[in-house]
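Here's the structure we're looking at; comments come further down.
The values are calculated or read from the model by the stated rules, or taken from the named source; none is laboratory data. Because the structure is predicted, anything quoted here is derived from the model rather than measured. When we count neighbours, we look across all protein chains shown, and the Cβ atoms used for this are built from the backbone with ideal geometry, even at glycine.
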2 protein chains.
Amino acid sequence: MAKSINDLHLKEACVQAAREVIAEHGVEGWSMRDVARKLDISHQAPYRHFPSRDHLLAEIMRRCFEDFAHFLDQKSKAKKDDELRGMGVAYMTYAAKHPLEYRLMFGTPWPEPAAHPDLVKYAVHAFDVLRRNLLQSHGDKRNAKQQSELEAMFIWSALHGLATIDQSNVMAHLSLSKGVQKKSMDFMMNMIQSALESGQSDEFIKNEFK
Amino acid sequence: MAKSINDLHLKEACVQAAREVIAEHGVEGWSMRDVARKLDISHQAPYRHFPSRDHLLAEIMRRCFEDFAHFLDQKSKAKKDDELRGMGVAYMTYAAKHPLEYRLMFGTPWPEPAAHPDLVKYAVHAFDVLRRNLLQSHGDKRNAKQQSELEAMFIWSALHGLATIDQSNVMAHLSLSKGVQKKSMDFMMNMIQSALESGQSDEFIKNEFK
């Protein structure tokens, strides 16, 4: 990366450089100036493609959500036998392999330009797939839509929670017994499965949505 | 707040001002200079009590964890009949009322000085209470320790996940049916309860820890 970057590649180069700068300085502690410095270009050059730091950040977030959506789709195509568990494992795998991207997507307040339909479409994709699968499992039951949404919120919460706790600093201080952290994902999927099969979900819907 | 601040109160004033600055600029986007400016004191003054920005941040985190621990203890004393649900509700209430503090505790990489025993003690408190309660429920079963840790990880993941998703920008774009977001905590606690009572947890331990 040096002064030879031409304008066609500048946009891409800015996105890549910004990802590196964010990895170094944190999501909130970086500037367009850092990006320009990394690319050895003028301070004004990144503004040719991005009107503000927030626009550049939103573009990075959009790409993260898009990558994540494609990753989940590919994994769920590959594994049809136990769809829910397959999706859970894929979700956790992505989060563990891409901690910065995961934190950008789900642990960072969005900058204003992020509310763009393009980004939103990918941002809700994982939840939509989950909700749709659950809806199918309920057939034409009364309030099936509400039920599948509540179930999807429960499953997503557990997955998201474990993904972020696994990466948190507290984790190292819990002094868990040997084997516990490694087995926690499997255990959680078993618990979710048995909760879904318990009839408790039907019961709740019957009582709460009349 | 002005130049009248004497040294005795300076430490407290720095902590308060830093909390406000963090609320405005984000966890990573603030400086000791911002704190000094807010208090209208010299740039060097905050360094009399905190050797670095990271030390000040660690002190804020320590206080957040301490507050949170005391809050959970008080709530669990108040409600003895359904301890697990009471603790869950208390956890979610705190997260909803103190989003910045919650994010500082569980959504932010710790600065180095945060690994201090004082902070760590409070940071693991909620998990320890949960783990201890679950351990009691298993009596002297084989591998009761591992089982209570796996169950605590599952419960904490679900609570933490829902707390952060509730506050995330994605939430507004999920187009949930009416009533679903409000009922999601209750639904989740029911699902957790029925999973714990299903026998699945005993089964898992029997198969995985021999």
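In segment B:160-175, is there at least one residue being of a type in the set (A, V, I, L, M, F, W, C) and more than 30 Å from residue A:132 (Cβ to Cβ)?
no
Report the residue count in segment A:62-99 for those that are touching a residue at least 24 places away in the same chain (Cβ under 8 Å) and either among the polar types (S, T, N, Q) or in contact with a strand residue (DSSP E or B) (Cβ under 7 Å, 6 or more places away or on another chain) (or both).
Total meeting the criteria: 1.
Would you list the helices (runs of 4 or more DSSP H) that sit entirely within segment B:107-198 and hold 2 or more residues that are in contact with a Leu (Cβ under 8 Å, 6 or more places away or on another chain)?
Fully inside segment B:107-198 and qualifying: B:125-137, B:144-167, B:180-196.
Would you pick out the residues in segment B:150-184 that are in contact with a Lys or Arg (Cβ under 6 Å, 6 or more places away or on another chain) and within 7 Å of chain A (Cβ to nearest Cβ)?
If the condition is that a residue be in contact with a Lys or Arg (Cβ under 6 Å, 6 or more places away or on another chain) and within 7 Å of chain A (Cβ to nearest Cβ), then B:177 is the only one that fits.
Is segment A:47-61 home to any residue that is over 25 Å from residue A:122 (Cα atoms), in a loop (DSSP other than H, G, I, E, B) and touching a residue at least 12 places away in the same chain (Cβ under 8 Å)?
no
Of the residues in segment A:131-146, how many are more than 23 Å from the chain's Cα centre (by Cα), more than 9 Å from every other protein chain (Cβ to nearest Cβ) and polar (S, T, N, Q)?
Qualifying residue count, segment A:131-146: 2.
Hey, among B:124, B:27, which residue is under 30 Å from residue B:197 (Cα atoms) and out of contact with any Cys (no Cβ under 9 Å at 6 or more places or on another chain)?
Testing whether each residue is under 30 Å from residue B:197 (Cα atoms) and out of contact with any Cys (no Cβ under 9 Å at 6 or more places or on another chain) leaves just B:124.
Could you check how many residues of segment B:34-46 are without any contact (Cβ under 8 Å) to a residue 12 or more places away in the chain and either assigned to a helix (DSSP H, G or I) or acidic (Asp, Glu) (or both)? Talk me through it step by step, then tell me what you get.
The initial filter retains those residues of segment B:34-46 that are without any contact (Cβ under 8 Å) to a residue 12 or more places away in the chain, namely B:36-37, B:42-44.
So of that shortlist, the ones also either assigned to a helix (DSSP H, G or I) or acidic (Asp, Glu) (or both) come out as B:36-37.
Summing the residues that are without any contact (Cβ under 8 Å) to a residue 12 or more places away in the chain and either assigned to a helix (DSSP H, G or I) or acidic (Asp, Glu) (or both) in segment B:34-46 gives 2.
This table checks each residue for (1) crowded, with 17+ Cβ neighbours inside 10 Å; (2) over 23 Å from residue A:82 (Cα atoms); (3) in contact with an Asp or Glu (Cβ under 9 Å, 6 or more places away or on another chain).
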| position | (1), (2), (3) |
| --- | --- |
| A:112 | no, yes, yes |
| A:117 | no, yes, no |
| A:129 | yes, no, yes |
| A:139 | no, no, no |
| A:149 | yes, no, no |
| A:158 | yes, no, no |
| A:176 | yes, yes, yes |
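Can you work out which of the residues in segment B:21-35 that are at pLDDT 95 or above and of a type outside the set (A, V, I, L, M, F, W, C) is surrounded by the fewest Cβ atoms within 10 Å (Cβ to Cβ)?
Going through the qualifying residues, I end up with B:33.
Quick check: is even one residue across segment A:76-92 crowded, with 18+ Cβ neighbours inside 10 Å, closer than 17 Å to residue A:19 by Cα and either assigned by TED's automatic domain parsing to the domain that holds residue A:128 or out of contact with any Cys (no Cβ under 7 Å at 6 or more places or on another chain) (or both)?
No: segment A:76-92 contains no residue that is crowded, with 18+ Cβ neighbours inside 10 Å, closer than 17 Å to residue A:19 by Cα and either assigned by TED's automatic domain parsing to the domain that holds residue A:128 or out of contact with any Cys (no Cβ under 7 Å at 6 or more places or on another chain) (or both).
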